[in-house]
Structure formats: structure tokens, C-alpha cells
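Below is one structure, written out as C-alpha cells; the observations come after it.
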Amino acid sequence: MSRRKGLAVIMVIMMLGAALGGLAFTYPQAGLPSDVQRTITVVGQGVVRVDPDVARAQIGVEVLAPTVKEAVAQNQELMTAVLEALQEAGVDAKDIRTSNYSIRFEREPYMPRPAVPEGAEGPTAPQGRYRVSNMVQVTIRDLEEVAAVLDAAIEAGANNIWGVSFGVEDTAAEAESEARAKAMENAREKAAELAELAGVELGDVISVSELVSGPGYPIIGVMEAAAPAFGGAGPISPGELTFRAQLQVVFAIK
């Protein structure tokens, strides 16, 4: 009887083993999330060139004199003549603004005398002069008269002219908008080309970001005019001003 029970137990174990051997356990396979959005990202660039409508220059007088009183008086006389000449040349008083006024003492170097006998006069103390500088920023709205305005200032006594630059006041916002529109158009063209190369269909715009780089926007041309001791300001050319825009645009892929 015990032998039969033993055989029965063995049979049950064998049957369970066969049953378990036929089972297959399936684990979930990791894959990409179904909500991932496929996109194309490009940077579009737009450039607009316009003619300037305003010029600016730093114009002034520097004087050296033995005393501060003399230096101030001489500078005041010359600067008054320069300001009158600027207005006579067509510059409005509201377009003339003081940008710098300074007074400083400048010592002159001296060479020590050789050794002298006792009781003789030794090296003199260093001498100096006073420098008075008066500068104004002048806005010139008639670009055809820029050279004439500078010549008038020089003839009146201006001996320090620098930083002649050209800009845009009336159409700056319009030029910036046009540059952005061109940048957006350029971005669409780039994205369409990439979509065609990838064999996909371009979708709607998801996001747009404007990229601004560099110290100055817009980028403008700057020129300097020197005021020699004799003669006029020389030829002045305003050229063109360049407005640039960069847009980073993200497009969906259908």
C-alpha cells in the first residue's frame, strides 16, 4: 500500500512539472512614450538695409593757459562762437547738448639741473598749465549739411571733433519689424527643406524666440571725422545702416 502511495506521489510531481514547463511568462517591453512630440527646430535670419536719417557728432574746444582764469575765459569765448556758428549753419538749439566740461591742471616735466655751487639757485619747481575742455553733442538732421556744419564749427574755433555717427530715428521700428518678418520667412523655408529631406510633413509653429546678440542692436555704421588745425572736416559719407533679426522657431511634424 505504501508502495502505491509512493508511485502516486511521483506521478503527481511529474505531471506538475510538465504543466509548469509549458507555461510562458511575458513581461511588458519598455518603449518610447506615446506622447513624445516630433519637431523641427530652425533659426531664421532677416536683414534690412536702410538709409540713415540723422547724424551726431561730438564738437568742442580745448584750451591751455597758464592760469585757470585765462583758460576758462579763452574757452568760453571760443565755445560761444562755435555754438553761434552751429545754429547759423542750421542746427536747432534743442539738438545741441553739453556732453562734457572739465578743468584740470597739467604739470610740465622738467629736467633737474646739474650740481651747482653752494648758494647758487637750484632746479626750479615744475611748471604747468590749465586745460579747459567743453564738448557738446550735436544732432544734424539734414545729412547733406553734415560737412558744412563741421566746417562752420572748425572755422569758429572748434579744435576737438570726434565720433561722427549716423543713425535712424523715424523708421527704426519699421526696419526692425521688417527684419523680423524676413527672419520668419527664412525659418519657414529652412524648416520646409528639412522636412522634405526627412520625408515628413511640416506642421504648425509650436514656439518662436527672438535671439539677440552683441552690444548693439541694430548694427549701424560709425565713422569719425578729424578736425585738423587747418582746413575743413573733409568728405563725410553716411552709407547704409543694417538691421538684423534672428528667430528660433520650433515646428511640429505631422
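The values are calculated or read from the model by the stated rules, or taken from the named source; none is laboratory data. Owing to the predicted nature of the structure, the values given are computational and were not obtained by experimental measurement. Quick reminder, even Gly has a Cβ in these numbers, built from the backbone with ideal geometry, and neighbours come from all protein chains shown.
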Number of positions in the range 64-87 that are buried (at least 20 other Cβ atoms within 10 Å of the Cβ) and more than 26 Å from SER165 (Cβ to Cβ): 1
Condition check for VAL249: in a helix (DSSP H, G or I), touching a helix residue (DSSP H, G or I) at 6+ places or on another chain (Cβ under 9 Å) and modelled with pLDDT of 95 or more: no
Hits in the range 78-105 (condition: small (Gly, Ala, Ser), touching a strand residue (DSSP E or B) at 6+ places or on another chain (Cβ under 6 Å) and either without any contact (Cβ under 8 Å) to a residue 40 or more places away in the chain or outside any strand (DSSP E or B) (or both)): SER102
Counted residues, the range 41-77 - those being assigned to a helix (DSSP H, G or I), among the aliphatic types (A, V, I, L, M) and in contact (Cβ under 8 Å) with a residue 24 or more places away in the chain: 3
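Residue-wise test of (1) of a type in the set (Lys, Arg); (2) under 30 Å from THR41 (Cβ atoms); (3) modelled with pLDDT of 95 or more; (4) not in a helix (DSSP H, G or I).
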residue	(1), (2), (3), (4)
ASN134	no, no, yes, yes
THR139	no, no, yes, yes
GLU169	no, no, no, yes
MET184	no, yes, yes, no
ARG188	yes, yes, yes, no
LEU194	no, yes, yes, no
VAL208	no, yes, yes, yes
